[in-house]
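Heads up: the structure comes next, in structure tokens.
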Amino acid sequence: MAIDVLVVDDQPLLRMAFTMVLGAQDDMSVAGEADCGEQAVRLAELTRPDVVLMDVRMPGMDGIEATRLIAERCPDTRVLILTTFDLDEYAFAGLRAGASGFLLKNALPAELLAAIRSVAAGDAVVAPRITRRLLETFAHRLPEHDAAPGAEDPRLGGLTERERGVLVEMARGLSNAEIAARLQLSDATIKTHVSRVLAKLGVRDRVQAVVVAYESRLVQPL
């Protein structure tokens, strides 16, 4: 089945370039094009694409708010943020809003296509260490959770000690294989723990779990 992609960018030439690249793929189709956040949300609700390529800097409703609304209203749709710099405040805000990853606008076509396929398959498209660097760079902007001072974030309450340990290692930027080596467990066991962490936190992917780790102060910025 083809991966349906909604292309969102306020620059017509960039939208044309993206749609040409996507249209040449046997396993992809363009669900639509939008030039602003409002239109992106409307089209996402109408077409229910698998992936949204989302520019963040647009007039009117920006890509951050559009991402938040799409993540809320279209839970099966994944958002891939398009940004200019890898350590970008917009990319940080996009991840917190529910994006499954971000991609540089100057990425090669092969990188773009690989990212779309990964996101559509349920994987997060941000290198773990870049996620960590991004969150540490902007972590001072994370709001405190609503619990009383000194109290634990309730989102962590359902995690076992092992699952907390795995989440900490995820937030430090380690891959499953690296976590397995550090904790002296098998790759399959770590994969199971990661899946349970995502389910218990109620998040869609690894990136969102790492955001929770920082928001809850389970992990402190270096």
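Quick notes on this structure:
- Placing +1 on the Cβ of every Lys and Arg and -1 on the Cβ of every Asp and Glu, with nothing else charged, gives segment 3-125 a dipole about its Cα centre of roughly 100 debye.
- Virtual spin-label span in nm between Leu104 and Thr160, 7 Å along Cα→Cβ: 4.1 nm
- A simple rule links phi to the HN-Hα coupling: the Karplus curve 6.51 cos²θ - 1.76 cosθ + 1.60 with θ = phi - 60°, which for segment 51-56 gives 9, 10, 8, 10, 6, 9 Hz, with x for Gly and Pro.
- Net charge, Ala181 excluded, C-beta distance under 12 Å - Lys, Arg +1, Asp, Glu -1: -2
- Considering every alpha-carbon pair of segment 3-125, the percent of pairs per 5 Å bin, from zero through the bin containing the longest distance, is 2, 14, 26, 29, 21, 8, 1.
- Seen from every direction in turn and averaged, the convex hull around the alpha carbons of the chain projects onto 12.5 nm².
- Relative contact order [Cα under 8 Å, 6+ residues apart], segment 1-134, whole percent: 21 percent
- Each other residue within a Cβ distance under 12 Å of Glu38 adds +1 if Lys or Arg and -1 if Asp or Glu, for a net charge of -4.
- Distance between segment 32-78 and segment 156-193 - C-alpha centres, whole angstrom: 32 Å
- Table column - 3J(HN,Hα) (Hz), segment 101-107, Karplus curve with 6.51, -1.76, 1.60, x for Gly and Pro: x, 9, 9, 6, 5, 8, 5
- Highest mean packing first, where packing is the average number of other Cβ atoms within 10 Å per residue, the peptides 156-167, 39-50, 61-72 line up as 61-72, 39-50, 156-167.
- The stretch between Met1 and Thr84, if pulled fully straight at 0.36 nm per residue, gains 26.8 nm over its current Cα-Cα span.
- Per-residue [θ]222 nm for the chain (sum of -39500 (n - 2.57) over DSSP H runs n ≥ 4, rounded to 500): -15000 deg cm²/dmol
- Summarising the label geometry, the points placed 7 Å from Cα in the beta-carbon direction at Glu152 and Asp123 lie 3.2 nm from one another.
- Listed residues Ile130, Ile81 arranged by accessible area, highest first, probe 1.4 Å: Ile130, Ile81
- Length gained when the stretch Glu72-Ala17 is fully extended (0.36 nm per residue, less Cα-Cα span): 16.9 nm
- For the pair Gln184 and Asp27 in one chain, pulling the backbone fully straight at 0.36 nm per residue adds 52.6 nm over the alpha carbon distance.
- Spacing of the two label points (7 Å from each Cα toward its C-beta) at Met61 and Ser195, in nm: 3.5 nm
The values are calculated or read from the model by the stated rules, or taken from the named source; none is laboratory data. If you're wondering where the values come from, they're calculated on a predicted model, not measured in any experiment. Methodologically, a virtual Cβ is constructed for each residue, glycine included, from the backbone with ideal geometry; neighbour enumeration extends over all protein chains shown. For the accessible areas, the whole protein counts, side chains as well, though only heavy atoms, and no ligand, DNA or RNA atoms are used. Shrake-Rupley method; radii C 1.70, N 1.55, O 1.52, S 1.80 Å.
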